[in-house]
1. Which one of Lys407, Lys393, Lys402 is assigned by TED's automatic domain parsing to the domain that holds Asn332 and part of a strand (DSSP E or B)?
2. Only one of Phe348, Phe384 is assigned by TED's automatic domain parsing to the domain that holds Arg323, modelled with pLDDT under 75 and of a type in the set (Phe, Trp, Tyr); which?
3. Please indicate, with yes or no, whether at least one residue in the stretch 477-494 is assigned to a helix (DSSP H, G or I), surrounded by 14 or more Cβ atoms within 10 Å (Cβ to Cβ) and without any contact (Cβ under 8 Å) to a residue 24 or more places away in the chain.
4. If the Cβ limit is 7 Å and pairs must be 6+ apart or interchain, which residue in the stretch 379-407 that is surrounded by 20 or more Cβ atoms within 10 Å (Cβ to Cβ) pairs with which residue that is assigned to a helix (DSSP H, G or I) and among the aromatic types (Phe, Trp, Tyr)?
5. Go through the stretch 424-446 residue by residue and tally those that are part of a loop (DSSP other than H, G, I, E, B) and free of Cβ contacts under 8 Å to residues at least 60 places away in the same chain.
6. Is it the case, given these coordinates, that Gly140 is closer than 22 Å to Tyr208 by Cβ, surrounded by 19 or more Cβ atoms within 10 Å (Cβ to Cβ) and modelled with pLDDT under 95?
7. For a quick check of your reading of the model, give me the residue pairs whose first member lies in the stretch 102-120 and is not assigned by TED's automatic domain parsing to the domain that holds Phe29 and part of a helix (DSSP H, G or I), whose second is surrounded by fewer than 22 Cβ atoms within 10 Å (Cβ to Cβ) and among the β-branched types (Val, Ile, Thr), with beta-carbon atoms closer than 9 Å and at least 6 apart or on different chains.
8. Which of the residues that make up the stretch 447-469 are more than 31 Å from the chain's Cα centre (by Cα) and free of Cβ contacts under 8 Å to residues at least 12 places away in the same chain?
Amino acid sequence: MAKAEKDCCVLTLRLNPEAWQVDLIEKRFKIMEHLKNSLIALELRRLKNAQRTRAYKDLITKIENANGTERKKLYTERSKLLRDAGFSEFGFINDMTSMQKHFVEHMAAQVAHRSASDVWRAFEKMLYGSGKIVHFIRRGALDSIACKKIGNGMNLRNDYFEWNGGRCKNQIALSIKVEKPKTVYEKEMLNKKIKYLRIVRKWSKTKYKYYLQITFEGNPATKARYIEYGKRVGIDIGTSTVAIVSEQEVKLLELADQVKKNQDKKTSLQQKMDKSKRISNMDNFNADGTIKRGKRLKWNYSKNYLKLQQQVRELERKNAAIRKYQHICLANYVLSQGTEVYVETMSFSGLQRRSKETTYDFRGRINKKRRFGKSLGNRAPAMFLEILDKKLKHIANTELHKVDTQKFKASQYNHITGTYEKKTLKDRWAKLGNGEKVQRDLYSAFLLMNSAIDMEKTDQKLCEKTYVRFKELHDDEINRIMKDGKKHIRSFGIA
């Protein structure tokens, strides 16, 4: 029987290592990277050998031809066959143990076992979930190392992070200074019981900065913040925008709007990198500019290219930090409006994929198949909803109310006439039965705020009760947007 997951929370503190400690930390990251990749290679070979056996091939043939009930039994047989071949978390840990002993002075067994569990989860997702392939870790891409539980290879004692090797004569111990907590929140968090520790490295300009992530048992400490408990809020979230409607306020906002400035710089730098790459590797490209296929190519990178690469890396770090900070601030704003939050279910991964259907424009040219991958990558609407959901669970002991998009049809419903009117994506304004025009996203958020208990339709009486106030706030928000002097994205529907 699987263990029930317990609530946990994380506090991140800055580490201040000395120069000689930085060298050892980097060495240990390289060792862990090597161990993980070696384990992945071993297990992929083992999986390929298992898939070549006659028993496995026959089982797959039966699964393809079986119906639902029979297929479930056959999948159970497949799981048993793979488990017997060594595909289990304990099997991966045993394989890692034989590899870890070569680096025992740097890496404790429990730390190596934790990484083996991480590799197992990747294989588990591929074998039994939605994963398609297990990727190797690119050189220098590993950004964190964790222990299984505090005291096993990693410890926190007297404001020092202790990271020791395994038990041996040549054990190398590290004792790294941790920055002291500065806020009441941090001090309160450190009084909780520690579950495990993780060291994280983040690239900043020309070097790595190191942080200690302390995972505690239970919920995080509560910050002093105004929360409007029990009030309704409707959120209509898109790929780039979010509409928020409550009883007190109406907002139409661009998601993570501060990211765009850095994104434009990043695009410019990437164009320079591409130009430099082509000049340094002219033999690797065809006459039409495409990369030559069919043989392993050797790439040469100029010093200018490597310099530009570092600048792009720094911009990506800044974008990630800005995006997360803006989402947290927006989630706090939503909580100040209410804790009964309604939102439509959205498949952002589906919107990210390229279109399968080939379409043509009026000139007969093929339309581009790309959809919303770039804006979703920059704005991260799913991250915002995840942050908001976590805050609701912790602060208000509730969760996001996700309505069924197909049944609710917030973008089509007209509460004045009680009918559904389908609109195209370019229609940003909705004309109601009384002749009034409302911004489409804000109106959808209004309908979501007035969701019925079953979350399959809008509560007509609630809509009639709150519409007049909504229209006043709606007009105020539209006037604010028109007067702020900024250039807005087209999905606002405001010139």
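The values are calculated or read from the model by the stated rules, or taken from the named source; none is laboratory data. If you're wondering where the values come from, they're calculated on a predicted model, not measured in any experiment. So basically every Cβ, Gly included, is an ideal-geometry build from the backbone, and we count neighbours across all protein chains shown.
1. On the way: Lys407 fails: part of a strand (DSSP E or B); Lys393 fails: part of a strand (DSSP E or B).
The match here is Lys402.
2. Phe348
3. Within the stretch 477-494, not a single residue is assigned to a helix (DSSP H, G or I), surrounded by 14 or more Cβ atoms within 10 Å (Cβ to Cβ) and without any contact (Cβ under 8 Å) to a residue 24 or more places away in the chain.
4. Qualifying pairs under 7 Å: Pro381/Phe348.
5. Residues in the stretch 424-446 being part of a loop (DSSP other than H, G, I, E, B) and free of Cβ contacts under 8 Å to residues at least 60 places away in the same chain: 9 in total.
6. Against the criterion (closer than 22 Å to Tyr208 by Cβ, surrounded by 19 or more Cβ atoms within 10 Å (Cβ to Cβ) and modelled with pLDDT under 95), Gly140 does not qualify.
7. That search, which allows pairs on different chains as well, returns nothing.
8. Asp459, Lys461, Lys465, Val468
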